[in-house]
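Please read the structure below before turning to the comments.
The values are calculated or read from the model by the stated rules, or taken from the named source; none is laboratory data. Please read these numbers as outputs of a predicted model, since none were measured by experiment. Quick reminder, even Gly has a Cβ in these numbers, built from the backbone with ideal geometry, and neighbours come from all protein chains shown.
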There are 2 protein chains.
Amino acid sequence: MDPPAIRIVLVAPQHPGNIGAVARAMKNMALSELVLVQPRQFPDPEATARASGADDVLAAARVTGTLAEALSGCGYIAATTSRERDQYFRVIDVRDAAARIVAAAQHSPAAVVFGAERTGLTNEELETAHALIRIPANAAYASLNLAMAVQLVAYELFRARGGSVPAGEPHAAPLASAQDMERLFAHFAEVLEAIEFRDRTQSGTHLMARIRRFLQRAELDENEVNILRGILTAVQSRRRHAGEGQR
Amino acid sequence: MDPPAIRIVLVAPQHPGNIGAVARAMKNMALSELVLVQPRQFPDPEATARASGADDVLAAARVTGTLAEALSGCGYIAATTSRERDQYFRVIDVRDAAARIVAAAQHSPAAVVFGAERTGLTNEELETAHALIRIPANAAYASLNLAMAVQLVAYELFRARGGSVPAGEPHAAPLASAQDMERLFAHFAEVLEAIEFRDRTQSGTHLMARIRRFLQRAELDENEVNILRGILTAVQSRRRHAGEGQR
């Protein structure tokens, strides 16, 4: 089985032992691309010890300063969470998520993002993902060890790659990259500011966060992002022309 | 979910840390009955540390001198192995094995037996089992960490018992109705007309059809449709004010 274009991203891992255990879990399931965002301590002898025979994965691990860098070039992005309260996100069972990720990775690199041991991912970090992965677990004690969570996701990915017919890929063009999505959101925010749009719904969630979440659920491809960017630009330029007329 | 009559048996575990990690993995998947056959070192602070919030599973663990004692009272017994060479055994994929074990546990206690970290189970030990469990893994690096193997088996048992993630409902508000969506699309088209936006991408699909499809993929709820309608109205009203200024 060729190594797939699937990246495992750990955000702020606190225990070097877990990083090593993750490398081993990945290699057991034929994954090789590990990215660490601001690891507390790496490299570290404890990581090397726990990696066992997977020191090649550890040696090839990239360290980045930001999640955005870690996701550079990625299309489909899934993030893990054990929280129940995340609203407006698409939440998928790990088994279905694995099928989706494997299908997406045929077109452009995909990523699975894991948060720090105690704190998990912030809402802002979750919003970089198209969907959140939920691992079924005991409701009374649902928080898995970080490396265990990676093991379960890697296992389902391994099965999804070896298993049945690949799930449908709805897109003709590649999925928009994380950078494209960030630029789209920034552009969107700029236009909302310009048209002085204020949210009057009582949703309890900040407006841009809400917009991010539903646009991530749409799993936009590059063409679709270009269409939206084009519309935003048209809104801006019409306003500029109109503004000139007013002088 | 009631705790099932499924016993996890570790034969001669060498690392106390692994015993702790096993306890946590079990509790995460709602298993509680752990039996240790001649553990090298137990109890141990490292085991307690790695058990995290699963110290109750650890405290209730039984220690026995023989595998036979550990299996006392059990009906169906499955054993794990990463070896390919075990002949004349029934070998079952972990997913199918989980279904079999859960069915058997309705009638009498079942057990899953794991060998020591480096050496695994002897042929004599494997022969106490009705079947051998195989976990799919990278053929070039198939040996999983002991606690990881327990985690994967416990996860499949949890699923087989009916534990799964409730199908995702990300929404606080009801999904927007078909009429709401039609009104949104009509409004969207009106604004595109007003800002004189023309699609310059070569997508081959008519612009509004494209927009409809990606907004449908987002599965918008009523609030989200209201947000988009509000933005469209804001674009229109700013243009009207600006237009008045031009006269």
Extreme residue, surrounded by the most Cβ atoms within 10 Å (Cβ to Cβ), among residues of the stretch A:229-247 that are within 8 Å of chain B (Cβ to nearest Cβ) and modelled with pLDDT of 85 or more: A:V235
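Each row is one residue, and each column tells you yes or no for (1) at pLDDT below 90; (2) crowded, with 23+ Cβ neighbours inside 10 Å; (3) of a type outside the set (S, T, N, Q).
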| residue | (1), (2), (3) |
| --- | --- |
| A:I133 | no, yes, yes |
| A:P166 | yes, no, yes |
| A:E169 | yes, no, yes |
| A:L175 | yes, yes, yes |
From A:R100, A:R85, which residue is at pLDDT 90 or above and either away from every other protein chain (no Cβ under 12 Å) or surrounded by fewer than 23 Cβ atoms within 10 Å (Cβ to Cβ) (or both)? A:R100
Where A:S52 falls short, out of the listed (1) at pLDDT 95 or above; (2) closer than 23 Å to B:E117 by Cβ; (3) buried (at least 17 other Cβ atoms within 10 Å of the Cβ): (1)
Qualifying position, being surrounded by fewer than 21 Cβ atoms within 10 Å (Cβ to Cβ) and of a type in the set (K, R), among B:R24, B:R62: B:R62
Filter the stretch A:131-162 for residues that are of a type in the set (S, T, N, Q) and touching a Lys or Arg at 6+ places or on another chain (Cβ under 7 Å); which is farthest from the other protein chains (Cβ to nearest Cβ)? A:N145
So if I check each of A:A129, A:A104, A:A160, which one is within 21 Å of B:R159 (Cα to Cα) and among the small types (G, A, S)? A:A160
For the stretch B:207-235, pairs from a residue that is within 13 Å of A:F214 (Cβ to Cβ) to a residue that is of a type in the set (D, E) and part of a helix (DSSP H, G or I), with Cβ under 9 Å and 6 or more apart or across chains, are B:F214/A:E224; B:A218/B:E224; B:L220/B:D180; B:E222/B:D180; B:V225/B:D180; B:N226/B:D180
Restricting to the stretch B:192-228, name every residue that is modelled with pLDDT under 85, more than 35 Å from the chain's Cα centre (by Cα) and at the interface with chain A (Cβ under 7 Å from one of its Cβ atoms). B:D199, B:R200, B:T201, B:S203
Are any residues in the stretch A:41-84 of a type in the set (D, E) and closer than 20 Å to A:R183 by Cβ, and if so, which ones? A:E69
How many of the residues in the stretch A:19-41 are touching a Leu at 6+ places or on another chain (Cβ under 6 Å) and hydrophobic (A, V, I, L, M, F, W, C)? 3
Which residues, counting only those in the stretch B:103-113, are more than 11 Å from B:R7 (Cα to Cα) and either touching a helix residue (DSSP H, G or I) at 6+ places or on another chain (Cβ under 7 Å) or buried (at least 18 other Cβ atoms within 10 Å of the Cβ) (or both)? B:A104
B:V91 fails exactly one of the following numbered conditions: (1) within 27 Å of the chain's Cα centre (by Cα); (2) of a type in the set (V, I, T); (3) crowded, with 16+ Cβ neighbours inside 10 Å. What is the number of that condition? (3)
Restricted to the stretch B:44-86 and to residues being part of a loop (DSSP other than H, G, I, E, B) and free of Cβ contacts under 8 Å to residues at least 24 places away in the same chain, the residue nearest to B:I19 (Cα to Cα) is B:S72
Might you check whether a residue that is part of a loop (DSSP other than H, G, I, E, B), within 16 Å of A:L132 (Cα to Cα) and not aromatic (F, W, Y) occurs anywhere in the stretch A:26-36? no
Can you tell me which residues in the stretch B:135-161 are out of contact with any helix residue (DSSP H, G or I) (no Cβ under 8 Å at 6 or more places or on another chain) and modelled with pLDDT of 95 or more? B:A149, B:F158
With respect to the numbered conditions (1) out of contact with any Ser or Thr (no Cβ under 7 Å at 6 or more places or on another chain); (2) away from chain B (no Cβ under 14 Å); (3) not small (G, A, S), which one is the sole condition not fulfilled by A:I77? (1)
